[in-house]
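Take a look at the structure below.
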Amino acid sequence: MDKQELRAPAGRERMRVAEAREALAEAVADVRHTALSVDAWDDMGAGNLPQAAWDLAHSTTFPDKEANARRVSEAFTVDPGYLYSKGIDNLAFGTAVQTMRLALNELNAALESADPE
């Protein structure tokens, strides 16, 4: 089945969910990569952020990645602008988390539109 077929009325919602999952997977990869250089964990949020990031980095299935992405998003509580003073590596991680949050929001919206109940 190609993208044209998926964009048919019944497939449009499925395509949106698939695209949102793909965007989340890319965002998770960016968070995983940038987390390696973080040295200001204590300045970024809840105490469970480092463990949540570690769990995300070691997730292998999409449901685990999604659940751990949500944990990282919840644990990351700092205003990203604050990270300018903490160095480029920490700022990159904060930016990656913000991008991941956008991907999670899009996935939520796609799932809701595909199954409004």
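Structure notes:
- The chain - mean residue ellipticity at 222 nm from DSSP helices (-39,500 (n - 2.57) per run, n ≥ 4, rounded to 500): -23000 deg cm²/dmol
- Of the peptides 34-40, 53-59, the order by per-residue mean of other Cβ atoms within 10 Å, starting with the highest, comes out as 53-59, 34-40.
- Stretchable slack from N108 to D39, in nm (0.36 nm times residue separation minus alpha-carbon distance): 21.7 nm
- Taking all Cα-Cα distances within segment 36-114, those exceeding 14 Å account for 62%.
- Given charges at beta-carbon only (K, R positive; D, E negative), |dipole| of the chain in Debye: 160
- Per residue value of the accessible surface for segment 1-115 (all protein chains in place, 1.4 Å probe), Å²: 58
- Phi-based couplings in Hz for segment 43-50 (Karplus 6.51, -1.76, 1.60; Gly and Pro marked x): 8, 9, x, 5, x, 8, 4, x
- Per-atom-type breakdown for the chain gives carbon and sulfur 51% of the accessible area (1.4 Å probe, protein chains only).
- For the chain, the residue among V78, G45, S113 whose Cα projects farthest onto the positive side of the dipole built from Cβ charges is S113.
- If you take all other residues with their beta carbon under 11 Å from the beta carbon of A40, and give Lys and Arg +1 and Asp and Glu -1, the sum is -3.
The values are calculated or read from the model by the stated rules, or taken from the named source; none is laboratory data. These numbers come from a predicted model, not from an experiment. Cβ coordinates were reconstructed from backbone atoms using ideal geometry, including for glycine residues, and neighbour counts include every protein chain displayed. Keep in mind that these areas ignore ligands, DNA and RNA; they rest on the heavy atoms of the full protein, side chains included. Shrake-Rupley method; radii C 1.70, N 1.55, O 1.52, S 1.80 Å.
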